[in-house]
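What follows is a short report on a single structure.
The values are calculated or read from the model by the stated rules, or taken from the named source; none is laboratory data. Computed from a predicted model, the values in this text were never measured in an experiment. Methodologically, a virtual Cβ is constructed for each residue, glycine included, from the backbone with ideal geometry; neighbour enumeration extends over all protein chains shown.
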Amino acid sequence: MKNAIRTALFSTLLLASTAFAQSGDIGRVDLNPIAAAIGTTPKVNLNFGPAMMKGFAESFRGSNAELAGIIDSISGLRLMVFEDLDTSGARAQVDAITGDLNTAGWTPAMEVRDGDSHVDLFLNESENFVEGLVLMVLDGDDTAVFANIYGDIDPVVIGKLIGSGDGLSGLKLGNFTLDDVYIRGPSPDEGEEDEG
């Protein structure tokens with residue numbers, strides 16, 4: 001009888017872990033403990049799941065198909081921005097989450113320490129995709145930004161989009177348009193001197 005119960009329990013745990021691994025939430029990280037440590041509502045608080053991300057993707061499909069494809073591959077987005085308040089209580093929680101991410105096998109992709117400013121970027125990668133991204137920024141003791149993006153994000157597509165020079169083309173935030181904002185290296189003409 002004990003073996004049957006043990007087998008049933010093991011099978012249930014195995015199925016549950018398989019379902020979790022296939023749920024698209026592999027890169028999802030609970031950022032609520034950080035908000036609780038700060039003790040107030042964020043100035044900006046976004047928490048979007050797959051349905052909302054597909055809606056955002058569709059809104060860009062006509063103006064920027066590549067950006068729409070990237071957004072469509074995102075299963076969820078969590079963003080919290082805290083400004084003009086004491087965020088010093090978040091430091092211990094950020095350290096705890098950093099430790100948890102390291103233990104769970106996330107890659108510490110970027111770490112910046114500059115005085116009171118701390119930036120940590122962690123990636124959860126499979127062979128072909130970035131399945132999760134966690135960004136934690138503490139800027140002094142009065143500003144904090146925490147973000148988690150998860151899904152099956154293809155870094156090759158993102159690289160092509162950035163390399164094209166118009167990665168944010170068509171992106172509008174209210175009256176602000178990002179058509180002229182892009183990331184690229186110097187043009188071939190920049191930095192050359194006349195030798196004549």
Task: Pick from the stretch 39-93, criterion without any contact (Cβ under 8 Å) to a residue 40 or more places away in the chain and part of a strand (DSSP E or B), ranking: nearest to Gly140 (Cα to Cα) - done: Val44
Open item on the list: With the structure loaded, tell me whether Asp25 is over 23 Å from Asp116 (Cα atoms) and charged (D, E, K, R) or whether it fails that test.
Closed with: yes
- [ ] Within the stretch 138-164, track down each residue that is of a type outside the set (S, T, N, Q) and within 12 Å of the chain's Cα centre (by Cα).
- [x] Val145, Phe146, Ala147, Ile149, Tyr150, Gly151, Asp152, Ile153
TODO: Output the number of the condition that Val119 fails; it satisfies all remaining conditions of (1) among the aliphatic types (A, V, I, L, M); (2) in contact with a helix residue (DSSP H, G or I) (Cβ under 8 Å, 6 or more places away or on another chain); (3) at pLDDT 90 or above.
DONE: (2)
Open item on the list: Of the conditions (1) closer than 15 Å to Asn32 by Cα; (2) touching a Ser or Thr at 6+ places or on another chain (Cβ under 8 Å); (3) of a type in the set (Ser, Thr, Tyr), Tyr150 satisfies every one except a single condition; which number is it?
Closed with: (1)
Task: Leading residue by the ranking (surrounded by the fewest Cβ atoms within 10 Å (Cβ to Cβ)) among those in the stretch 110-121 that are over 26 Å from Met52 (Cα atoms) and not charged (D, E, K, R) - done: Gly115
TODO: Select, from Asn124, Asn128, the only residue that is touching a residue at least 12 places away in the same chain (Cβ under 8 Å), in a loop (DSSP other than H, G, I, E, B) and either of a type in the set (S, T, N, Q) or surrounded by 13 or more Cβ atoms within 10 Å (Cβ to Cβ) (or both).
DONE: Asn128
Open item on the list: Of everything in the stretch 94-106, what is free of Cβ contacts under 8 Å to residues at least 60 places away in the same chain, in contact with a helix residue (DSSP H, G or I) (Cβ under 9 Å, 6 or more places away or on another chain) and of a type in the set (Val, Ile, Thr)? Give them in sequence order.
Closed with: none
Open item on the list: Filter the stretch 52-109 down to the residues that are modelled with pLDDT under 90, of a type in the set (D, E, K, R) and either surrounded by 14 or more Cβ atoms within 10 Å (Cβ to Cβ) or in contact with a Phe, Trp or Tyr (Cβ under 7 Å, 6 or more places away or on another chain) (or both) and list them by number.
Closed with: Arg61, Glu66, Asp72, Arg91
Open item on the list: So in the stretch 122-156, with the set limited to residues that are under 25 Å from Asp84 (Cβ atoms) and among the small types (Gly, Ala, Ser), which one is modelled with the lowest pLDDT?
Closed with: Gly140
Open item on the list: With the requirement that a residue be within 15 Å of Asp25 (Cα to Cα) and of a type outside the set (A, V, I, L, M), what does the stretch 83-134 give you?
Closed with: Trp106, Asn124, Glu125, Ser126, Phe129, Glu131, Gly132
